[in-house]
Structure formats: structure tokens, C-alpha cells
1. If you go through region 249-261 one residue at a time, do you hit one that is in contact with a helix residue (DSSP H, G or I) (Cβ under 8 Å, 6 or more places away or on another chain), part of a helix (DSSP H, G or I) and in contact (Cβ under 8 Å) with a residue 60 or more places away in the chain?
2. Looking at region 108-121, can you tell me whether even one residue there is touching a helix residue (DSSP H, G or I) at 6+ places or on another chain (Cβ under 6 Å), among the β-branched types (V, I, T) and under 19 Å from R13 (Cα atoms)?
3. Among the helices (runs of 4 or more DSSP H) contained in region 21-128, which hold 1 or more residues that are in contact (Cβ under 8 Å) with a residue 60 or more places away in the chain?
4. Answer with yes or no whether F146 is crowded, with 18+ Cβ neighbours inside 10 Å and without any contact (Cβ under 8 Å) to a residue 40 or more places away in the chain.
5. Kindly indicate whether D122 is more than 25 Å from K149 (Cβ to Cβ) and among the charged types (D, E, K, R).
6. Of everything in region 39-77 that's among the acidic types (D, E) and crowded, with 17+ Cβ neighbours inside 10 Å, which residue is nearest to the chain's Cα centre (by Cα)?
7. Within region 246-257, can you find the residues that are among the aliphatic types (A, V, I, L, M) and surrounded by 11 or more Cβ atoms within 10 Å (Cβ to Cβ)?
8. Identify, please: which residue in region 168-212 is touching a residue at least 60 places away in the same chain (Cβ under 8 Å) and of a type in the set (S, T, N, Q) and is, among those, surrounded by the most Cβ atoms within 10 Å (Cβ to Cβ)?
Amino acid sequence: MIKIYQKTLKDVRMRTLKQIKVGSWIYVTDPTEEEIKQVTEELKLEEDLIRDSLDPFEVPRLEIKKEVVYIFTRFPHNDGKETLTAPILIAVGPDFVITISQKEPVFLEKFIQQARKGITKDFSTTQKTKLVLLILREINNYYNNFLTKIHKQVKSAQVRLEHITNKNIIQLVGFEGTLNDFLNALQPTNEILQALLSGRILSLYEKDKDLTEDLLLSNGQLIGSCKSRLKMMTNIRETYSTIMTNDLNQVIRLLTVITVLFTIPTMISSFYGMNIPLPFANSPLAFVGIIITTVIVSIVLLYIFYKNKWL
């Protein structure tokens, strides 16, 4: 799908065009072969790089080919089962900006709607550098939303740690995978932002430079948040493992004590169950004596276990 938007400095609202014009923003999602050929030929883009943007395993990087700057980055994506990241390409040419992704960049929907209604007034598609920085800002905001949701769920698991279930552990492991994927996307993006801040890749005005510095700070905070939440989940799993080990030790200790307590009466009853002459075998009080002796021995053992804090 290809959509073409344009908003000049004089325009109040962003318009949808039928053809690509100077200063356009070409918005491409899940393109067909025909659409790939169309944008490649019309904008004179590198077809290999365009196809790279559709590779689900593409890593963030920066390339420059024939006066076109190709910025590969990744954004959070939830397919209904798990949250991972998906690649998106932001290409900046002499008179256009194009974004290409296989997955729908949901984070841009609100941005586009506000621009079309005239709510977002601080940008135009003809200001290419600023448009790129605003798109990157939306990506960072989207990361932050996901991290906030993950943090709430992790804190919830931390609060009810004593009643955590295997399902919660599996969920935490899934979160760890998500956060590691976030880190693998955010850390290379940080290097891209530093390259952009130099001003050698894209021309930066003073406001653009401030926005880039804000993006760098925001990106660094996201990286820190991912690492912090990963450490928190590791601590939760280790604490849960310690609790489970301690509970198991207590159960084993209790079972051992019970085994010892039942062993003594079993031994005594076994002796007096043999068909050989035994002390007090003919005494009418033998059974009572055996019971009393067994009870006394059990009480003594219980006292010893209790005094040594084995119970």
C-alpha cells in the first residue's frame, strides 16, 4: 500500500496526493512487487536496500547511496501473541521522504491523523530533516508505551511473589525476550542519532539539533529502562527460585522428621512381631508397655528436633 502526503509551510492540514510531488512524504506499508518497482524506479532508489527494509531480521543502520540517506531502524510490534520489533526504513532524498515497512507502523496513525486535521502544526513534509526526527520521536514514544505496560505487569508479579505461578514465570521469560529485542534495536539506533547530530548526514537547523539531542537523551533513557527492567525480572526469578528451594528444603526436612519418628515404633513393633522368646512376652502388660515406650521415645525425638530447630 502506498500513500502520498504533503504539507507545506503554508498549509494548515496535511493533504493526500495521487502522485508523488516535490516535498512529498511517501508512506509505504506491506508493498507488492509492483509497488516496490514503482517507488524504486520513480524515486531512483536502491532496490536491494528497499527489499532489506522488508526483512524481519534487518538491523538498524545508516547508509548513503546516490544522495539518498537510508535510515534503517526498528519499532515495537505486537502480533497478538508476542511483542517484538519490526524494521522500518526512512529514506531521505533530495526532494522527498519515504517510509517503508512490512508491518503496519501503528505509532504513526495518530501522528498522521493529527496532521491531516491540522492539529500538528510544527512540521511540514518539505522540511525533510525535521520530518525524519519527528518520526523517530514517535518511535521512541511507542517504545516508552510498551515499556510502561511491561513495567506494570512486572511490578504486579513482584508484589505477589509468594503466589507466583508457572504462567507468571513464562510471562517474565517472554518479557525478557521482548526487552532484549528492544535493546538490540535501540542501541544501534543510538549510534545513528549520534551520526545525525554531527550534521554531516542531514542538514540540521538549530531546532533540528535540539530535537536530535532530545532524541538521543530519550533513546538513552529507553536503553536504561530496558536494562533496569531486565535486572528487575532477573531478581524476581532468582528470588522465586530461592523461595521454591527453601520451601522444598522445609518439606524434605518435615518428611525426614516424620520418617524418623515412625521408624522407632516400626522397629519396636517389628521386634515383638517375631516368633521367638522376647522380654515381657508373657506379661499381660507387655502391649501397654510397648505403647508407652514408643510414645516416650517419640516425644523425646520431637523435643530434640524442636530444640535443634529441625521442625
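What follows draws every value from the coordinates through simple rules; no lab data is involved. Given the structure is predicted, the values throughout are model-derived calculations rather than measurements. Ideal geometry is used to build each Cβ from the backbone, glycine not excepted, and the neighbour counts take in all protein chains shown.
1. Scanning region 249-261, I find no residue that is in contact with a helix residue (DSSP H, G or I) (Cβ under 8 Å, 6 or more places away or on another chain), part of a helix (DSSP H, G or I) and in contact (Cβ under 8 Å) with a residue 60 or more places away in the chain, so the answer is no.
2. yes
3. Working: elements: 33-43, 47-52, 109-117.
Filter on region 21-128 gives 33-43, 109-117.
4. No, not satisfied.
5. Numbers: more than 25 Å from K149 (Cβ to Cβ): yes; among the charged types (D, E, K, R): yes.
For D122, the condition - more than 25 Å from K149 (Cβ to Cβ) and among the charged types (D, E, K, R) - is met.
6. My answer is E58.
7. First pass over region 246-257, keeping only residues among the aliphatic types (A, V, I, L, M): 248, 251-252, 254-255, 257.
L254, V257, listed by residue number.
8. Residue satisfying both the conditions and the ranking: T189.
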